[in-house]
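Asks: Sharing a structure with you now.
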Amino acid sequence: MSHRRKLAAGNWKMNGLWADLAEVTKLMERHPDPGCEILICPPATLLSRMSDLTVDGAVVTGGQDCHAKLSGAHTGDISAPMLADAGAEHVILGHSERRADHGETDEDVRAKALTALDAGLKVVICVGETLVEREAQNTLEIIGGQLAGSIPDSVTGENMVVAYEPVWAIGTGKIPTLGQIGEVHDFIRARLEKRFGAGVGRSARILYGGSVKPGNAAEIFAVPNVDGALVGGASLKADDFSPIITALENSR
Ligand code: PEP
């Protein structure tokens with residue numbers, strides 16, 4: 001039995017209106033005392049309301065991104081203190097959609113992470129290879145570079161989570177083989193231990209993300225060093241997210 005508390009994290013991306021908070025209510029009713037942590041990262045417009053809704057429940061909330069600066073002339077952006085002020089406990093950083101759509105680099109992600117940590121947020125740092133990189137057998141090199149570049153030196157095992165999200169598995173219904181997932185998660189664990197020592201390296205959680213569904217969750221959660229999941233599409237409806245949470249609760 002691992003000492004790391006399992007984490008089921010939902011990334012709602014650019015989805016969700018006020019009425020969709022009913023899904024969170026349903027989820028909390030189904031999991032009043034869950035055997036894992038449940039995190040939902042809604043769009044910024046819903047963060048405050050969702051945080052109020054979940055204040056006495058088992059769900060915690062997070063942002064999907066933040067700016068590297070604390071405040072200022074950055075129209076349309078959101079700062080880490082604003083997320084915390086709205087009730088967020090976590091923030092996802094370096095998601096491949098941010099890296100692709102907004103040109104975010106590892107350096108950007110690291111700068112954002114430093115600001116988020118200063119604001120008291122926990123960071124969920126995403127890494128993952130494209131299909132071209134996997135087919136060229138560069139997966140581990142790419143992941144190693146992203147870990148080295150994106151994670152600040154000051155993290156602890158409690159305030160930093162790594163999400164391994166192969167870009168080609170996000171929203172596609174395709175997932176790597178369990179062997180491929182295990183290889184990357186073992187590699188990430190080893191890199192964290194080497195850089196931060198056994199304390200941080202063994203206590204930081206490593207999530208798998210990319211087309212996790214009720215039908216494949218249990219087998220993914222049985223892979224060593226998989227401490228939970230970052231779930232996109234299947235986190236939007238309680239009927240989909242709930243069985244994934246149950247699979248995580250029942251995992252080793
Ligand atoms: C994600 O975007 O983080 C993700 C894993 O998406 P999906 O579960 O829809 O593949």
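The values are calculated or read from the model by the stated rules, or taken from the named source; none is laboratory data. Just so we're clear, the structure is a prediction, and the values are computed from it rather than from any experiment. Backbone-built Cβ (ideal geometry, glycine too); neighbour counts: all protein chains shown. With ligands, DNA and RNA removed, areas are computed over all heavy atoms of the protein, side chains included. Shrake-Rupley method; radii C 1.70, N 1.55, O 1.52, S 1.80 Å.
Asks: Considering (1) within 16 Å of the ligand (Cβ to nearest atom); (2) open to solvent by 60 Å² or more (accessible area, probe 1.4 Å); (3) part of a helix (DSSP H, G or I), say which one Arg110 fails and leave the rest.
Replies: The single condition Arg110 does not satisfy is (1).
Asks: Any idea how many residues of region 235-252 are within 11 Å of the ligand (Cβ to nearest atom), open to solvent by less than 20 Å² (accessible area, probe 1.4 Å) and touching a Gly at 6+ places or on another chain (Cβ under 8 Å)? Lay out the reasoning, then the answer.
Replies: Step one: filter region 235-252 for residues within 11 Å of the ligand (Cβ to nearest atom), giving 235-236, 240-241, 244.
Adding the requirement that they be open to solvent by less than 20 Å² (accessible area, probe 1.4 Å) leaves 235, 241, 244.
Restricting the remaining residues to those that are touching a Gly at 6+ places or on another chain (Cβ under 8 Å) gives 235, 241.
Summing the residues that are within 11 Å of the ligand (Cβ to nearest atom), open to solvent by less than 20 Å² (accessible area, probe 1.4 Å) and touching a Gly at 6+ places or on another chain (Cβ under 8 Å) in region 235-252 gives 2.
Asks: Just for region 5-22: of the residues that are open to solvent by 30 Å² or more (accessible area, probe 1.4 Å) and in contact (Cβ under 8 Å) with a residue 60 or more places away in the chain, which one is nearest to the ligand (Cβ to nearest atom)? Break it down into steps so the answer makes sense when it comes.
Replies: The first filter runs over region 5-22 and keeps only residues open to solvent by 30 Å² or more (accessible area, probe 1.4 Å), leaving 5, 13-15, 17-20, 22.
Okay, now just the ones that are also in contact (Cβ under 8 Å) with a residue 60 or more places away in the chain, so 5, 13, 15, 20.
Working: Arg5: 20, Lys13: 6, Asn15: 10, Asp20: 16 Å.
Top of the filtered list is Lys13.
Quick grid of which residues meet (1) within 15 Å of the ligand (Cβ to nearest atom); (2) open to solvent by less than 20 Å² (accessible area, probe 1.4 Å); (3) in contact (Cβ under 8 Å) with a residue 40 or more places away in the chain:
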| position | (1), (2), (3) |
| --- | --- |
| Gly87 | no, no, yes |
| Arg99 | yes, no, no |
| Gly103 | no, no, no |
| Asp106 | no, no, yes |
| Leu114 | no, no, yes |
| Ile142 | no, no, no |
| Gly157 | no, yes, yes |
| Ala169 | yes, yes, yes |
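Asks: Looking at region 116-139 only, could you name the residues that are in a loop (DSSP other than H, G, I, E, B) and either among the charged types (D, E, K, R) or away from the ligand (no atom under 16 Å from the Cβ) (or both)?
Replies: Pass one, region 116-139, residues in a loop (DSSP other than H, G, I, E, B): 119-121, 128-130, 136-138.
Those that are in a loop (DSSP other than H, G, I, E, B) and either among the charged types (D, E, K, R) or away from the ligand (no atom under 16 Å from the Cβ) (or both): Ala119, Gly120, Leu121, Glu129, Ala136, Gln137, Asn138.
Asks: Let me ask something else. Being without any contact (Cβ under 8 Å) to a residue 40 or more places away in the chain and either open to solvent by less than 20 Å² (accessible area, probe 1.4 Å) or within 16 Å of the ligand (Cβ to nearest atom) (or both) is true for just one of Ala229, Ala190, Ala217. Which residue is that?
Replies: Numbers: Ala229 fails: without any contact (Cβ under 8 Å) to a residue 40 or more places away in the chain; Ala190 fails: either open to solvent by less than 20 Å² (accessible area, probe 1.4 Å) or within 16 Å of the ligand (Cβ to nearest atom) (or both).
None of the others qualify; the one that does is Ala217.
Asks: A follow-up question, please. Run down Gly182, Gly149 and say which single residue is more than 14 Å from the ligand (Cβ to nearest atom), without any contact (Cβ under 8 Å) to a residue 60 or more places away in the chain, of a type outside the set (Val, Ile, Thr) and touching an Asp or Glu at 6+ places or on another chain (Cβ under 6 Å). Before the answer, list the steps.
Replies: Details: Gly182 fails: touching an Asp or Glu at 6+ places or on another chain (Cβ under 6 Å).
Step by step, each of Gly182, Gly149 is checked, and only Gly149 is more than 14 Å from the ligand (Cβ to nearest atom), without any contact (Cβ under 8 Å) to a residue 60 or more places away in the chain, of a type outside the set (Val, Ile, Thr) and touching an Asp or Glu at 6+ places or on another chain (Cβ under 6 Å).
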